[in-house]
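Quick note: the coordinates plus some simple rules give every number you see, no bench work behind them. For clarity, every value in this text was computed on a predicted model and none was experimentally measured. Please note: Cβ atoms are built from the backbone with ideal geometry, for glycine as well, and neighbour counts cover all protein chains shown.
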Amino acid sequence: MANFKELRTQNISKGILSHTYSDNKPLIDLMSPALEMINNFTQQDPLRAHYETSIVEALKKVTNQHTDFILVVDDSKKLLGVVSSADLQSSKTMILAQRLNVARNDVSLRHVMTPLSNLTGVSMQSLSYACIGDALQTMEHRGVMFLLVTASNNEICGLLSAREISKKLQVPLHISPIAHTFSEVMEQIDHPH
């Protein structure tokens, strides 16, 4: 041991244990980067279902996959809209079944989805400079529960869910849907949220 030198030592009788390693991810809040909450479709394939899938079958898929939403697609896998797990379980499905004069089990995703035309998109580039609070404010202002995320080529590459943000951050949601058609206006009057 002649090649080594002795280190200088310290008295540790009054030492305080430093912060120990934690396997937990750091806590996130409304000021955290919005990218933290994106369901990025390039990293994990989102749950998809055909528009004729019954809401009962869709709810089973959502539960088994532990996700908050389903992308609704047509025969050629083209995106038609989005359905949340809350939509599948809401009382609106019973009202809709009555209006369609069918059993609740016969209500399909096409009846309860938010169509693509009523959804809002935001670029991945914009989100790279935004915080979660900015994304939530955008959803509240637009009256939407989801923001679809687009890549530079305008392809949809992800999704932000207001319910997932609310659940993860334990913050209340203040989102009121905005009617886009006369029938939606009448539905809001008949059955306010």
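In this structure, the pairs whose alpha-carbon distance is over 24 Å, taken from 92/167; 78/167; 60/167, are 78/167. Loop-resident chymotrypsin sites (Phe, Trp or Tyr not before Pro) (DSSP state other than H, G, I, E or B) in the range 59-167 with no more than 14 further Cβ atoms inside 10 Å of their Cβ: 129. Dipole of the range 91-174 computed with +1 at Lys/Arg Cβ and -1 at Asp/Glu Cβ about the Cα centre; of 170, 159, 129, farthest Cα towards the positive end is 170. Among the GluC sites (Glu not before Pro) in the range 114-171, those located in a DSSP loop and surrounded by at most 11 other Cβ atoms within 10 Å of their own Cβ are 155.
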